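Shown next, in structure tokens, is the structure this report addresses.
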Amino acid sequence: MKRVILITGTPCVGKTTTAKALAAKLNAEYINLTDFAKTYNLTLGEDKERDTIIINEEAMQQKLSKVIDASENTNIVVDGHYASAVTPTEHVALDFVLRRNPKELKQLMEKCGYSGTKMWENLQAEIIDVCLGEAVEAHGGKVCELDVTGKSTEAVVEEIMDVLEKRKTCFVGIVDWLGMLEREGLTDEYLKI
Ligand SMILES: Nc1ncnc2c1ncn2[C@@H]1O[C@H](COP(=O)(O)OP(=O)(O)O)[C@@H](O)[C@H]1O
Ligand SMILES: [Mg+2]
């Protein structure tokens, strides 16, 4: 029986850093969906305006299923912001959605080289819980939301291990960025697009 662990969330939230550290800890196979799409040519083209590739989700779902089934490793960590949409539910053990305070996320996005419309669109996606919604829609009771704001990678990996080893239960609905921004008078700035 395979244990497939999804690490999803808004771009720049810290998925790849966290997923690689988790995979190392578990001795798991690590699958980065951006690389996976390129390796197996699972793209439909380029979204030039957003400077990003368009994924053929159906083809990716099928290929991912095969790769998971064929893997010799029991533990598989899947990293990608559309991980929820393309990983078949029967394979998924837990779907971790990383969340980060938009004020902190904005700084990481700037560090990643995001700016302008692309940055504000992605921040907006974090604020209105887009990845969480997709995870819940796809994998209901298997979703675990983690607020990683201000936490080290080691601390986040520890939290994930606590959940995997049942020392901790997890929840959805743990953050309210919209309420936070409203209380701080930042709604107009962060939702200006
Ligand atoms: N726990 C963390 N604390 C501080 N910075 C982090 C943390 N995790 C990742 N980062 C930084 O945030 C940026 C985005 O991380 P990355 O793992 O590439 O995100 P993603 O894969 O979600 O796009 C990188 O500059 C990375 O060094
Ligand atoms: Mg990444």
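Residues in the range 105-120 that are assigned to a helix (DSSP H, G or I), out of contact with any Asp or Glu (no Cβ under 9 Å at 6 or more places or on another chain) and open to solvent by 60 Å² or more (accessible area, probe 1.4 Å): Q107, E110, K111, C112.
State yes or no: is A28 open to solvent by 30 Å² or more (accessible area, probe 1.4 Å), modelled with pLDDT of 95 or more and more than 16 Å from ligand 2 (Cβ to nearest atom)?
no
To keep it simple, each residue is scored yes or no on (1) under 15 Å from the mean Cα position of the chain (by Cα); (2) closer than 23 Å to E58 by Cα; (3) not polar (S, T, N, Q).
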site: T87; (1), (2), (3): yes, yes, no
site: E90; (1), (2), (3): no, yes, yes
site: L105; (1), (2), (3): yes, no, yes
site: V163; (1), (2), (3): no, no, yes
site: T169; (1), (2), (3): no, no, no
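Checking each residue in the range 153-193 for being in contact with a helix residue (DSSP H, G or I) (Cβ under 9 Å, 6 or more places away or on another chain), open to solvent by less than 60 Å² (accessible area, probe 1.4 Å) and over 22 Å from V130 (Cβ atoms) picks out T153, V157, M161, L164.
Here E126 fulfils each of the conditions (1) open to solvent by 10 Å² or more (accessible area, probe 1.4 Å); (2) under 15 Å from K15 (Cα atoms); (3) assigned to a helix (DSSP H, G or I); (4) touching a Lys or Arg at 6+ places or on another chain (Cβ under 9 Å) apart from (1). Evaluation of S71 against the conditions (1) farther than 20 Å from L123 by Cβ; (2) among the hydroxyl-bearing types (S, T, Y); (3) within 13 Å of ligand 2 (Cβ to nearest atom) shows that the sole unmet condition is (3).
Annotation note: of T169, T153, T149, the sole residue that is of a type outside the set (A, V, I, L, M) and within 12 Å of R100 (Cβ to Cβ) is T149.
With A37, A23, A85 as the choices, which residue is crowded, with 21+ Cβ neighbours inside 10 Å, within 25 Å of A125 (Cα to Cα), hydrophobic (A, V, I, L, M, F, W, C) and in contact (Cβ under 8 Å) with a residue 12 or more places away in the chain?
A37
Based on what the data block shows, is G9 modelled with pLDDT of 95 or more, near ligand 2 (Cβ under 9 Å from one of its atoms) and either small (G, A, S) or under 15 Å from V78 (Cβ atoms) (or both)?
On the way: modelled with pLDDT of 95 or more: yes; near ligand 2 (Cβ under 9 Å from one of its atoms): no; either small (G, A, S) or under 15 Å from V78 (Cβ atoms) (or both): yes.
For G9, the condition - modelled with pLDDT of 95 or more, near ligand 2 (Cβ under 9 Å from one of its atoms) and either small (G, A, S) or under 15 Å from V78 (Cβ atoms) (or both) - is not met.
The values are calculated or read from the model by the stated rules, or taken from the named source; none is laboratory data. None of the values given here were measured: they were computed from a predicted structure. Note that each Cβ is placed from the backbone with ideal geometry, even for glycine, and that neighbours are counted across all protein chains shown. Side chains are part of the model used for accessible areas, which takes the heavy atoms of the whole protein and leaves out ligands, DNA and RNA. Shrake-Rupley method; radii C 1.70, N 1.55, O 1.52, S 1.80 Å.
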